[in-house]
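Report on the structure given below.
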Amino acid sequence: GNSVTQMEGPVTLSEEAFLTINCTYTATGYPSLFWYVQYPGEGLQLLLKATKADDKGSNKGFEATYRKETTSFHLEKGSVQVSDSAVYFCALHLIQGAQKLVFGQGTRLTINP
Amino acid sequence: EPEVTQTPSHQVTQMGQEVILRCVPISNHLYFYWYRQILGQKVEFLVSFYNNEISEKSEIFDDQFSVERPDGSNFTLKIRSTKLEDSAMYFCASSEVLGGPGNTIYFGEGSWLTVV
């Protein structure tokens, strides 16, 4: 089946620390991969995406590289800010077949000043 | 930037009552979706809708649920007789025509449903 597994949270870091949130996937086809972010009290916002192997998605200082050989799409940021505190969701989308996203369980990130 | 809009943002309803959640997808999008997120749990797919019919639904989407596109802009989710376990954040989403890689699905801000 298709599934996404994310690093267990919550994650708490100090401002300017380096962030990695791990994400691995299982898919029957060749998925596109996404990171969505949910800030407190808000909905899901697309953070970045990658559609094929070795693609790097980036936005707002966050990056993630599509690694087909390790079936991973880890989210990284070099220097986090308090405003990055949110829940981060890794998701896959299969191009063929069902037009739907399969989400990971979400990782809650808290950044302390 | 175009966005998906949802109403209401929060609704409290009594068990057994009917609820309609409304959504206005992005105007040139043709695929529409409902997802839900029970507090503290994963975001789960409920249903996708294309060309005025359901294209796929999950096992969560039982006979209590229905979707409709009553006019050219709105997309609704109806829960006929709400149960306590229907309490969740319901997200509407939309995307362009299926066909290319990285077809992004855009989400609304959600409608928080509380069943008491």
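The values are calculated or read from the model by the stated rules, or taken from the named source; none is laboratory data. This structure is a prediction, so every number in the text was calculated from the model and none was measured. FYI the Cβ positions are ideal-geometry reconstructions off the backbone, even for glycines, and counts take in every protein chain you see.
Structural remarks
- Failed item, numbered, when B:PHE107 is tested on (1) at pLDDT below 95; (2) more than 9 Å from every other protein chain (Cβ to nearest Cβ); (3) under 11 Å from the mean Cα position of the chain (by Cα): (2)
- Within segment A:31-82, tally of residues that are within 19 Å of B:SER94 (Cα to Cα), hydrophobic (A, V, I, L, M, F, W, C) and out of contact with any strand residue (DSSP E or B) (no Cβ under 7 Å at 6 or more places or on another chain): 0
- Within segment A:78-105, considering residues that are surrounded by fewer than 20 Cβ atoms within 10 Å (Cβ to Cβ) and not hydrophobic (A, V, I, L, M, F, W, C), the one nearest to the other protein chains (Cβ to nearest Cβ): A:GLN105
- Residue in segment B:75-87 that is acidic (Asp, Glu) and buried (at least 20 other Cβ atoms within 10 Å of the Cβ) present: yes
- Condition met for A:LEU46 (surrounded by 15 or more Cβ atoms within 10 Å (Cβ to Cβ), in contact (Cβ under 8 Å) with a residue 24 or more places away in the chain and part of a strand (DSSP E or B)): no
- B:ALA93 being within 15 Å of the chain's Cα centre (by Cα), within 12 Å of chain A (Cβ to nearest Cβ), of a type in the set (A, V, I, L, M) and crowded, with 20+ Cβ neighbours inside 10 Å: yes
- Any hit, segment B:23-40, residues being of a type in the set (Val, Ile, Thr) and within 17 Å of A:GLU42 (Cβ to Cβ): no
- Selection within segment B:8-56 - within 13 Å of chain A (Cβ to nearest Cβ), under 18 Å from B:ILE79 (Cα atoms) and in a loop (DSSP other than H, G, I, E, B): B:SER9, B:ILE38
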